[in-house]
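Written out below as structure tokens is the structure these notes cover.
The values are calculated or read from the model by the stated rules, or taken from the named source; none is laboratory data. Just so we're clear, the structure is a prediction, and the values are computed from it rather than from any experiment. For neighbour counting, all protein chains shown are included, and Cβ atoms are generated from backbone atoms with ideal geometry for every residue, glycine included.
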Amino acid sequence: MYHLLYAKGSELFAARVVLEEIGLPYKADALNKITSQNALADANIRSGLAIADRRNGEPGFLTETSAILVFLARNHPEAKLIPRDPYEEAQCLEWLNWLSIQVSGVAFEQVWHPDRFVLDPNTYREVVTKGWWTTEEHFDRIEERLSDQREWAVRSGYSIADIYLLVFWLWGERIGFSMAGRWRAWTRLMGRIMSRPAVRRVMLIEGLD
């Protein structure tokens with residue numbers, strides 16, 4: 001049994017989608033009602049996936065979204081959420097690492113938490129502005145990679161990379177970007193993803209429907 005502890009609106013939205021795709025019973029608890037981005041950050045510190053009984057009989061707990069996605073996908077190969085081919089698996093992991101480090105850990109952190117980059121509050125505005133520019137640059141890079149007529153982020157099929165990309169598309173909407181107007185290839189991919197029953201269920205739960 002899996003127990004997901006998460007903040008609504010956080011990256012662990014992707015983990016809940018994966019749990020729905022797998023189709024096994026699980027428990028999910030929102031840690032708190034998010035009223036500010038600072039609250040979201042505080043909740044993320046305590047969030048993660050509890051594994052009640054691993055194959056060796058011991059419980060476990062994972063906290064990083066990309067690690068949780070890979071664990072779930074590999075632990076449930078029947079869901080076909082991670083490529084079997086080693087090169088395509090590496091491409092999938094490349095997406096996860098880049099999104100986690102550069103898009104989430106740098107760009108959105110600058111937009112939402114400038115205090116983590118500089119000590120002087122008088123310079124927060126400059127950090128936020130830089131974060132917006134960096135986010136746009138990263139979104140342009142995503143669009144470029146998806147503009148070659150591919151159906152999914154990794155050519156072999158739907159994977160955890162696509163699910164993780166949805167998080168950042170939704171975050172772009174949240175901060176006011178016109179995602180459908182500016183990043184059309186990415187938006188087309190997200191349309192395919194959001195039509196999936198598992199994704200629809202989670203979006204309804206999250207109030208995103």
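For this structure, a couple of remarks:
- Here Trp169 fulfils each of the conditions (1) assigned to a helix (DSSP H, G or I); (2) in contact (Cβ under 8 Å) with a residue 24 or more places away in the chain; (3) crowded, with 16+ Cβ neighbours inside 10 Å apart from (2).
- The residues listed here are Tyr87, Tyr124; of these, the one that is loosely packed, with under 12 Cβ neighbours inside 10 Å and without any contact (Cβ under 8 Å) to a residue 60 or more places away in the chain is Tyr87.
- Among residues of the stretch 178-204 that are under 15 Å from Val167 (Cα atoms) and at pLDDT 95 or above, those with a beta-carbon under 7 Å from a residue that is of a type in the set (Gly, Ala, Ser) and in a helix (DSSP H, G or I) at least six positions away or on a different chain give the pairs Met179/Gly172; Thr187/Ala180.
- Subset of the stretch 127-155 (residues that are basic (Lys, Arg) and in contact (Cβ under 8 Å) with a residue 24 or more places away in the chain): Arg155
- Among the residues of the stretch 14-33, those that are touching a His at 6+ places or on another chain (Cβ under 8 Å) and either without any contact (Cβ under 8 Å) to a residue 40 or more places away in the chain or not in a helix (DSSP H, G or I) (or both) comprise Leu24, Tyr26, Lys27, Ala28, Asp29.
- Taking (1) in contact with an Asp or Glu (Cβ under 8 Å, 6 or more places away or on another chain); (2) closer than 23 Å to Leu4 by Cα; (3) not aromatic (Phe, Trp, Tyr) in turn, Pro83 satisfies each apart from (2).
- Residue satisfying all of: in the stretch 39-73; at pLDDT below 60 and closer than 24 Å to Leu96 by Cα; farthest from the chain's Cα centre (by Cα) among these: Asp42
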